[in-house]
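The values are calculated or read from the model by the stated rules, or taken from the named source; none is laboratory data. Quick caveat, the model's predicted, so the values are computed rather than measured. When we count neighbours, we look across all protein chains shown, and the Cβ atoms used for this are built from the backbone with ideal geometry, even at glycine.
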Amino acid sequence: MDISKFKHSIKRRVRTYEVDYQGIVHNSNYLRYFEDGRIEYRRNLNSTLTSSGFFTDGTKIVVVHNSIDYFSPSYLDEELEIFTRISWIKNSSFCFENIIIVRDKLICNGKGILVNINYDDIPENLPELAIKQIKEFEGDNLEIRQ
C-alpha cells in the first residue's frame, strides 16, 4: 500500500490491556485499531454514528471481510499512527484500507470490505451524499467500480 494515498490518520497509544503475556500488542487488537480509524474517518466527513446504528449520512455499515498483514510487533505505551482511506466504492460496498506505523516503522496493513444495509439488513446502494463526500475527500485515488 502506498502511504502517500492516505489523507486521514489518527494517533492512539497502546494500553496495558492490549498487550499479551509476551509484552506485545495481541494481534486481535489491530482490528479494533482499524475500526477506530474507520469511525474517525467517517467523523472527519461529518458523518457520525447514531444510537440506531445508522450514520448521519443515511448509511448503516457492516463489515463482511477483514484481512491483515503483520510486519513488526508494537509494544505497551507506543504511539500508533493509524492511516485510513477508502480505495474503492461499488453499489452498496466499499473498501477501507489501513496502515499502522510506529515512528516510521510499518507495523501492519489491512483491508476491510464493508456493505451498506437497510432497516431489514438487506444490502442497499450507498446514499449519494456518502458517495459525494468520499469522492471529494479521496479525489483521484478513489476507484469507482460497477
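If you scan region 1-17, which residues turn out to be part of a helix (DSSP H, G or I) and in contact (Cβ under 8 Å) with a residue 40 or more places away in the chain?
Hits for region 1-17 are 3, 5, 16.
Looking for whichever is in contact (Cβ under 8 Å) with a residue 12 or more places away in the chain, under 19 Å from residue 134 (Cβ atoms) and surrounded by fewer than 17 Cβ atoms within 10 Å (Cβ to Cβ) here; the options are 87, 93, 72. Which one fits?
87
Out of 49, 31, 45, I need the residue that is in contact with a strand residue (DSSP E or B) (Cβ under 7 Å, 6 or more places away or on another chain), under 21 Å from residue 12 (Cα atoms), surrounded by 14 or more Cβ atoms within 10 Å (Cβ to Cβ) and at pLDDT below 95. Which one?
Testing whether each residue is in contact with a strand residue (DSSP E or B) (Cβ under 7 Å, 6 or more places away or on another chain), under 21 Å from residue 12 (Cα atoms), surrounded by 14 or more Cβ atoms within 10 Å (Cβ to Cβ) and at pLDDT below 95 leaves just 49.
Write out, first by first residue and then by second, each pair whose Cβ atoms fall under 9 Å of each other, whose residues are 6+ apart or on separate chains, and whose first residue, in region 106-129, is over 11 Å from residue 61 (Cβ atoms) while the second is exposed (fewer than 13 other Cβ atoms within 10 Å of the Cβ) and of a type in the set (D, E, K, R).
Going by the 9 Å Cβ cut-off, the qualifying pairs are 108/69; 109/69; 110/69.
Hey, among 82, 131, which residue is surrounded by 15 or more Cβ atoms within 10 Å (Cβ to Cβ) and either of a type in the set (Ser, Thr, Tyr) or closer than 28 Å to residue 29 by Cβ (or both)?
Only one candidate passes the filter, namely 82.
Yes or no: residue 83 over 30 Å from residue 23 (Cβ atoms), assigned to a strand (DSSP E or B) and aromatic (Phe, Trp, Tyr)?
The answer is no for residue 83.
For region 116-128, which residues satisfy the criterion of being surrounded by fewer than 20 Cβ atoms within 10 Å (Cβ to Cβ) and aliphatic (A, V, I, L, M)?
117, 122
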